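The values are calculated or read from the model by the stated rules, or taken from the named source; none is laboratory data. Everything numeric in this text was worked out from a predicted model, so none of it was measured. Neighbour counts run over all protein chains shown; Cβ positions are idealised from the backbone, glycine included. Please note that ligands, DNA and RNA were not included when accessible areas were found on the heavy atoms of the full protein model with its side chains. Shrake-Rupley method; radii C 1.70, N 1.55, O 1.52, S 1.80 Å.
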Amino acid sequence: MTAEAVIQEMMTPSLPDWVFPPPEGFVAEDLDHIPDLPAHTELIDGSLVFVSPQRDFHSSIMFVLQKGLLQCVPPGHRVRREMSIRLGPRQRPEPDMMVLGPDVTVSRDTTYFSPEDVLLVVEVVSPDSEERDRKRKPQLYAEACIPHFWRIESTEDSTVVYVYELDPATRGYALSGIHHDRLKLTVPFDVDLDLSEIDQL
């Protein structure tokens, strides 16, 4: 090898293995074993999806939502933030928030949950995730029979929550309500959240 080739090799940054996916794509278990994978990486249709920097709205509404849900979930239910769900061999999305049912076994080493563990999934839409949060991820959650899905979006002057319930006949979500700044529900449990609280944070 010539001196120029050695210098060129030394100057070329080495790329992590996950930059080059296997021919069949990644599988759900890979997320637990790939070294140096960026935090909160999801697996959608066998491809890795990386998180962009968060906007203040995303961070603030997550704080308000988590605090509110912890106060209103029924006994035995658990609230989890930014943990993944293994929906299938090539599907391991990470919802922004979820509520687990009362019979779920959780350990400190848990890295993902199964869809039958999950009562509710919540996605907070960001500019880079609109397509996934509005279309692909709800489709995956519904096909996995997760009963409830909320999608939260920011408009110029309010916070909007789109509330969906699973139609078991079609295994698709049906819109059951659109809520501006205040979320008041009786299903899947009693909820009364003042989402405009983010303006005081």
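Just for the range 151-201: of the residues that are open to solvent by 30 Å² or more (accessible area, probe 1.4 Å) and among the small types (Gly, Ala, Ser), which one is farthest from the chain's Cα centre (by Cα)?
Of everything passing the filter in the range 151-201, 169 is farthest from the chain's Cα centre (by Cα).
Being modelled with pLDDT of 95 or more and either small (Gly, Ala, Ser) or out of contact with any Phe, Trp or Tyr (no Cβ under 6 Å at 6 or more places or on another chain) (or both) is the filter here; which residues of the range 112-129 pass it?
Listed by number, the residues that qualify are 112, 113, 114, 115, 116, 117, 118, 119, 120, 123, 124, 125.
Looking at the range 34-44, is at least one residue closer than 20 Å to residue 159 by Cβ, surrounded by 12 or more Cβ atoms within 10 Å (Cβ to Cβ) and touching a residue at least 12 places away in the same chain (Cβ under 8 Å)?
no
Could you run through the range 149-191 and say how many residues are assigned to a loop (DSSP other than H, G, I, E, B) and of a type in the set (Asp, Glu)? Lay out the reasoning, then the answer.
From the range 149-191, those assigned to a loop (DSSP other than H, G, I, E, B) are 155-158, 168-171, 181, 186-190; that's our starting set.
Applying the additional criterion that residues be of a type in the set (Asp, Glu) yields 156-157, 181, 190.
Residues in the range 149-191 being assigned to a loop (DSSP other than H, G, I, E, B) and of a type in the set (Asp, Glu): 4 in total.
State all residues of the range 32-81 that are within 17 Å of residue 119 (Cβ to Cβ) and within 15 Å of the chain's Cα centre (by Cα); if no residue qualifies, say none.
Result: 65, 66, 79, 80, 81.
In this structure, does residue 80 turn out to be open to solvent by 10 Å² or more (accessible area, probe 1.4 Å), within 19 Å of residue 43 (Cβ to Cβ) and in a strand (DSSP E or B)? Outline the logic, then answer.
On the way: open to solvent by 10 Å² or more (accessible area, probe 1.4 Å): yes; within 19 Å of residue 43 (Cβ to Cβ): yes; in a strand (DSSP E or B): yes.
Yes; evaluated as a whole, the condition is true for this residue.
Does residue 84 satisfy the condition of being within 23 Å of residue 26 (Cβ to Cβ), more than 12 Å from the chain's Cα centre (by Cα) and hydroxyl-bearing (Ser, Thr, Tyr)? Don't jump to the end; show me each part of the working.
Values: within 23 Å of residue 26 (Cβ to Cβ): yes; more than 12 Å from the chain's Cα centre (by Cα): no; hydroxyl-bearing (Ser, Thr, Tyr): yes.
Answer is no for this residue.
For residue 146, all conditions in the list (1) surrounded by fewer than 20 Cβ atoms within 10 Å (Cβ to Cβ); (2) part of a loop (DSSP other than H, G, I, E, B) hold save one; what is the number of the exception?
If we test residue 146 against (1) surrounded by fewer than 20 Cβ atoms within 10 Å (Cβ to Cβ); (2) part of a loop (DSSP other than H, G, I, E, B), just (1) comes out false.
Among the residues of the range 111-143, write down those that are polar (S, T, N, Q) and open to solvent by 60 Å² or more (accessible area, probe 1.4 Å).
Correct list: 111, 139.
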